[in-house]
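A short worksheet on the structure shown next.
The values are calculated or read from the model by the stated rules, or taken from the named source; none is laboratory data. Since this is a predicted model, take the numbers as computed values, not measurements. A quick note on method: Cβ atoms are made from the backbone with ideal geometry, for glycine too, and the neighbour counts reach across all protein chains shown. For the accessible areas, the whole protein counts, side chains as well, though only heavy atoms, and no ligand, DNA or RNA atoms are used. Shrake-Rupley method; radii C 1.70, N 1.55, O 1.52, S 1.80 Å.
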Amino acid sequence: MTQNLIQAGSFLTLHYRLAGPDGGDLVNTFNDKPATLSLGTGELAPAIEARLIGLAEGSRSRFELAPGEAFGERNPEMLQRVKLALLRQLGDPDEEYKLGDVVQFPTPDGQGSYAGLVREVGEDWLLFDFNHPLAGQPVSFEVQVIGVL
């Protein structure tokens, strides 16, 4: 019997662990239910998906991804000032914002949301960083392939 190998479009059942530059877990399914996903649907970063291609069912691997490879480089244009008046209009008028807060914003079509991290607090504005928290960072990815369809 030949082993099932991961190919583009494969449906997978796997355990995985994604760790940031400090080695701390960002996602870890090893102590819980395994994840199920389809390659090519955007559930994993393309650089991670590319590393999975060719792995056999039952295998366990670990990859180191270079800074920016998994979640892109940091983009200075993704730093934006937002006036407090606008935040109060869109959200809770009594909200107090501080450095490190993560604030959800609605997408223009209102169908989803995206997050911004407060980097600076000005007199009547906040500087938000809309980059992925791991943009420009090295990450490690460990995977145990349970099933390939």
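A few comments on the model shown:
- With at most 16 other Cβ atoms within 10 Å, longest stretch of the chain clear of loop GluC sites (Glu not before Pro) (DSSP): 1-42
- Whole-angstrom gap from segment 84-101 to segment 108-131, using each part's C-alpha centre: 10 Å
- CD proxy at 222 nm, helix term only [per DSSP H run n ≥ 4: -39500 (n - 2.57); per residue of the chain; nearest 500]: -2500 deg cm²/dmol
- Range in the chain, longest, excluding exposed chymotrypsin sites (Phe, Trp or Tyr not before Pro) [loop by DSSP; at most 16 other beta-carbon atoms within 10 Å]: 31-96
- Magnitude of the charge dipole, the chain, Cβ model with Lys/Arg +1 and Asp/Glu -1, debye to 20: 500 debye
- Since only GLY42, LEU12, PRO67 are under comparison, the one whose Cα sits farthest along the positive direction of the charge dipole of segment 1-112, derived from C-beta charges on Lys, Arg, Asp and Glu, is LEU12.
- Rolling a 1.4 Å probe over the heavy atoms of the protein chains gives segment 92-149 an accessible area of 58 Å² per residue.
- Between segment 16-64 and segment 132-149, the C-alpha centres lie 4 angstrom from each other.
- The residues neighbouring PHE130, those whose beta-carbon lies less than 12 Å from its own, together hold a net charge of +1 under the Lys/Arg +1, Asp/Glu -1 convention.
- Taking a Cβ cut-off of under 15 Å around GLY23, the surrounding Lys, Arg, Asp and Glu residues balance to a net charge of -2, with basic ones at +1 and acidic ones at -1.
- Panel values: the chain, Kirkwood radius from alpha carbon pairs, Stokes-Einstein at 37 °C and 0.692 mPa s, translational diffusion coefficient 186 µm²/s.
- GLY91 long-range amide H proximity, modeled H, under 5 Å: none
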